[in-house]
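Take a look at the structure below.
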Amino acid sequence: MLDVLKNPTYRNLYLAQVIALMGTGLITIALALLAYDLAKDQAAQVLGIALAIKMIAYITVAPVASAFAERLPRKIVLISLDVVRALTALCLPFVTELWQIYTLIFILQSASAAFTPAFQAVIPDVLPDEKDYTKALSLSRLAYDLENILSPILAGLLLSIVTYNNLFVGTFLGFVFSAFFVMKTTLPIAKRPPFKGVFNRIKQGSRIYFNTPRLKALFALNLAIASASAMVIVNTVVIVQSTFQLSAHATTFAFGAFGLGSMLAALYLPRILEHKSDKTVMISGATLLSMCLFLGAFASSYFLLLLVWLIMGIGYSIAQTPTGRLIRKSARSEDRTALFAAQFTYSHTCWLLTYPLVGWLSSNFGAMFAFIPMAIIAATAIVIAYTIWPKHDDPMVPHLHDNLSPDHEHLLVKDEQGNHIHDYLIDEYHQKWPR
């Protein structure tokens, strides 16, 4: 899997991603400490609002920013957004009011909402071979999982010698080095679609998304994935420290079990995807998540919870990691930024729904009870995804164009039998998926 790092362009981009993720991990911990310093007993509420602001920024800013960003040189866009994130992080140690935290978090997360889809859209052009791209997706998943494990360790080491405000400096340096690695990279020039207005470009991502059957199925899978991951993120600390009466260290190990499962799956996923279809792999991973949610309700000990979390991490990685492959095969190069932005928006919309739902269920009915409703939601979403996703998802689709003249250049693409057939993508010639 690591042989993909021999590509110097991808290697620099991957280093930029890893370093930026470490900076993001540090700011998460530093922000929690800052919130406690400013709000004391209301710190949880402050962090809850900050998380909501993050999701709102992701949902609202990503499609708009992507519509503007795709008209500009990729390198300039990515570097500029890293600089914005770095300068915003550098301002956080100097805040004295809660509204200042909320404002800076919105700016920081808005920049991330613009950066992530633009960054994701570059990788398929850097690695056009599907096997290489699959390995890159797995490496990206590993980077996220390693960040979840290493960031707390790094933060703990730093806090033993400096104050928490210095963690923001670490975040600043992470974004600066991310910009540096992007700067030293020669990125492929993106094809630019004809400009028909920002609003039209925003709609284009959604138009492709909801007119491509495999992507409509992905939307349902996003809900299943969010139902499981929300249980882990929101309820782990409650289950471990309130239900099982264990320490904060035990909570850390529980999160680590989930991350370990995700990493193990990411390591083997490229080999699996060589022999199994995206549909089979992703539906299987989501099914594993749903089963774990049902089993979690009966986890009567901390050891059983660790086992459930480990398997859930495996299911999460299997269901989530191939998403980029679906986006890559569902749009032209010039439409990928808009489509990645649409996926970014709709996946985070699912988390915006499941985060508060898990919290409400846990607060009103108990942390263990919350497993069952979330399992039902996940199972329902999986059935919908399986039903929507075509049984034979062949990209080469024969079809007709009643609105084009017989001598139109587009109709010259034919097979040996004279049928008009090609890799079917939603674009100006193909507004709907053929029945």
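The values are calculated or read from the model by the stated rules, or taken from the named source; none is laboratory data. Computed from a prediction, not measured in an experiment: that's the story for all the values here. Positions of Cβ are generated from backbone atoms using ideal geometry, with glycine treated the same way; all protein chains shown enter the neighbour counts.
Summary of values
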read-out: Residue within region 333-342 that is of a type in the set (Phe, Trp, Tyr) and at pLDDT 85 or above present; value: no
read-out: Filter result for the condition that a residue is assigned by TED's automatic domain parsing to the domain that holds ARG325 and within 14 Å of GLY313 (Cβ to Cβ), over PHE244, PHE255; value: PHE255
read-out: Residue count for region 303-345, restricted to those that are over 16 Å from THR134 (Cα atoms) and not in a helix (DSSP H, G or I); value: 2
read-out: Residue in region 299-346 that is farthest from THR60 (Cα to Cα), counting only those that are in contact with a helix residue (DSSP H, G or I) (Cβ under 8 Å, 6 or more places away or on another chain) and of a type in the set (Phe, Trp, Tyr); value: TYR302
read-out: Test: LEU108 is at pLDDT below 85, crowded, with 22+ Cβ neighbours inside 10 Å, touching a Leu at 6+ places or on another chain (Cβ under 9 Å) and part of a helix (DSSP H, G or I); value: no
read-out: Qualifying residues in region 355-371 (those that are crowded, with 16+ Cβ neighbours inside 10 Å and among the hydrophobic types (A, V, I, L, M, F, W, C)) - the one modelled with the highest pLDDT; value: PHE371
read-out: The listed residue being crowded, with 18+ Cβ neighbours inside 10 Å and either at pLDDT below 85 or assigned to a helix (DSSP H, G or I) (or both), out of LEU273, LEU264; value: LEU273
read-out: Residue in region 403-419 that is modelled with pLDDT of 70 or more and among the acidic types (Asp, Glu) present; value: no
